[in-house]
Amino acid sequence: MQPSRRAFLFGRRLPRTPWDTFRQRLERAAQGQVLELDAGPPGRARLVPARAEDVRHARALCVEYGVALLLDGTGDTDAWAGRAVLQVDPSLLAGRVPGPQAGQWHAGPGCRLGDLADAGLAQFNDAPADTTLAVWLAEAHAWRPGATSDSGIVAVDVLLSDGTAETLGAFGHSDLRPLRSATVQRLVPALFQVSASADATACRQQAGWPCRFRLDALLPEPPADVNLAQLLLGHGGALAWVEGVLLAPGRAPAGVPAAKDVPAELAGPARRLEVRMKDAFDSLDLYAP
């Protein structure tokens, strides 16, 4: 049938928007549920992944179509005015298996804090039982500067914005595993350079950590060792997608996170650290701000 006759019989089909194409491709690739929240423009949807690969497919499509990827339950979607947003709800990614050492657990991002507390991880005893591990990790906490090891975070499996999947954990003489990816081999020296800056020194000297991102994981109090995984504490979903966390028993933080009440003289240094860490982790500006 000629195009002109087809148009006469069935009417002209309006061209699909990039958002329509993105959503349909995601629906085909993901085994989990895709729910459109706002047809846009620019468009907003929620993905409830049934497997880790669903988020990996989503990441690639988000980069291709310029869609922001937001951990569901964090951030302000209104801050993305003018940009399409995919909210990812990790609640079905709730697997939990024993870790390599006694008392350790490897948990998926959707694991509930109540289940982790029941498993013997005391840092979650007073936490909201229904909160997911991913949201807890994204929230700010009030561990003292240099005391991020109290969190009990041993290692974190991350998916970076460029598609690199890597496990971040202990770094230095206590860990002999090489960093597998070229991306993280570039990332780590850049972060140590930031940690040696005057801004980092000013923030580290405070009674409470005044920066949103816990760069003080690279500046631990002895005898604790440097642990790259603890950089993700309080990251708000802005640095990486967390695929899994290796946890040991820790201690709950006390008090109000210092980042919520930053002294005026530290606002500049704290903000500069946040910008440099965001740029180092997420140069594609994929994840929530």
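Taking every C-alpha pair closer than 8 Å and separated by at least 6 residues, the mean separation divided by the residue count of segment 55-114 gives a relative contact order of 25 percent.
Taking all protein chains in place and a 1.4 Å probe, what share, in percent, of the accessible surface of the chain do carbon and sulfur account for? Of the solvent-accessible surface of the chain, carbon and sulfur hold 52 percent. Projecting the Cα atoms of L26, A129, V245 onto the charge dipole of the chain (Cβ charges, centred on the Cα centre) puts L26 farthest toward the positive pole.
Mean separation of Cα pairs under 8 Å and 6 or more residues apart, divided by the residue count, gives segment 65-164 a relative contact order of 18 percent. For segment 268-289 and segment 105-172, write down the distance between their C-alpha centroids in whole Å. When both Cα centres are located, 20 Å separates them. Measuring only protein heavy atoms, the 1.4 Å probe finds S197 accessible over about 20 Å². 3J(HN,Hα) along segment 228-234, derived from phi through the Karplus expression 6.51 cos²θ - 1.76 cosθ + 1.60 where θ = phi - 60°, amounts to 5, 4, 6, 4, 7, 4, x Hz, with x in place of Gly and Pro. Solvent-accessible surface of segment 25-99, averaged per residue with a 1.4 angstrom probe and all protein chains in place: 48 square angstrom. This structure gives Rg/Rh (Cα atoms, Kirkwood Rh), computed directly, and of [x] 1.04; [y] 0.93; [z] 0.99 that value is listed as [x].
Averaging the sequence gap over all C-alpha pairs within less than 8 Å and six or more residues apart, then dividing by the number of residues, gives the chain a relative contact order of 21 percent.
The values are calculated or read from the model by the stated rules, or taken from the named source; none is laboratory data. Note that the coordinates shown come from a computational prediction; the quantities given were computed from them, not determined experimentally. Glycine gets a Cβ as well: all are built from the backbone with ideal geometry, and neighbour counts include every protein chain shown. These area figures cover heavy atoms from the full protein model, side chains too; ligands, DNA and RNA do not enter into them. Shrake-Rupley method; radii C 1.70, N 1.55, O 1.52, S 1.80 Å.
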